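Worksheet: one structure, shown below.
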Amino acid sequence: MSAGLDTGIGIDLSVFGSIGESLSRVASMMENRENRRRKLFEQLHQVPITCPDIAINAGAGALMMADTLSPKAGYMWSIRRLATTGYTGGTVLGYKNGMVTGIGANAVAVGGEAVAPFASAGVLTFGRGELLLDQNDQLIWTATGITLAAGNTAGIQVGGSADCFERWLLPEYLG
């Protein structure tokens with residue numbers, strides 16, 4: 001015999017109470033999930049990747065600026081787009097980490113991982129988590145065999161965008 005109230009027509013009213021409790025739990029879980037989604041959304045934003053032009057001397061140049069080409073302490077970047085413009089010939093290569101030695105035509109990147117090769121001016125896109133920079137990582141640029149575009153005396157322009165988020169969000173971001 002059921003412990004619930006029997007209406008006399010075979011319906012146990014305790015079933016409705018149980019259904020109500022279950023719906024309440026589901027509503028609470030959905031609210032918690034929505035609050036978590038909002039918090040994650042606030043912690044993730046896209047930042048522009050900007051830097052001074054790569055100065056070209058005798059067809060070559062390099063640029064290393066950790067303060068503008070890397071995430072700040074406690075954050076990570078997931079590079080989504082990189083673009084180079086302002087030249088008609090030569091090669092521009094983006095590295096993850098390493099360092100630049102030499103000046104002008106003698107500037108070379110030492111160490112690091114080549115991650116963004118540009119055989120000509122153009123745009124590279126990356127998927128989520130494909131090119132991650134942690135708080136101590138940076139982008140470094142080298143250019144060789146460069147012919148600047150007509151009228152360009154400034155150098156090679158480099159830009160792009162990255163998803164920026166706090167380090168603790170990495171599993172969520174990749175998930």
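Please treat every number below as a calculation from the coordinates, not as lab data. Keep in mind that this is a model prediction, so the values were computed, not measured. Counting neighbours? That spans all protein chains shown, and the Cβs are built from the backbone with ideal geometry, glycine included.
Listed values, structure above:
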item: When residues of segment 18-54 are limited to those that are in contact (Cβ under 8 Å) with a residue 60 or more places away in the chain and either in contact with a helix residue (DSSP H, G or I) (Cβ under 8 Å, 6 or more places away or on another chain) or assigned to a helix (DSSP H, G or I) (or both), the one nearest to Gly98 (Cα to Cα); result: Leu44
item: Residue in segment 81-94 that is under 13 Å from the mean Cα position of the chain (by Cα), more than 20 Å from Ala60 (Cβ to Cβ) and surrounded by fewer than 19 Cβ atoms within 10 Å (Cβ to Cβ) present; result: yes
item: Which listed residue, of Ala149, Ala109, is in contact with a Gly (Cβ under 6 Å, 6 or more places away or on another chain) and farther than 23 Å from Asp67 by Cα; result: Ala149
item: Subset of segment 55-93 (residues that are among the hydroxyl-bearing types (Ser, Thr, Tyr), part of a loop (DSSP other than H, G, I, E, B) and touching a residue at least 24 places away in the same chain (Cβ under 8 Å)); result: Ser70
item: Residue that is nearest to Thr84 (Cα to Cα) [pool: residues in segment 160-175 that are surrounded by 12 or more Cβ atoms within 10 Å (Cβ to Cβ) and among the aromatic types (Phe, Trp, Tyr)]; result: Phe165
item: Scope segment 127-143; condition within 18 Å of Cys51 (Cβ to Cβ) and outside any loop (DSSP other than H, G, I, E, B); matching residues; result: Leu133, Leu139, Ile140, Trp141, Thr142, Ala143
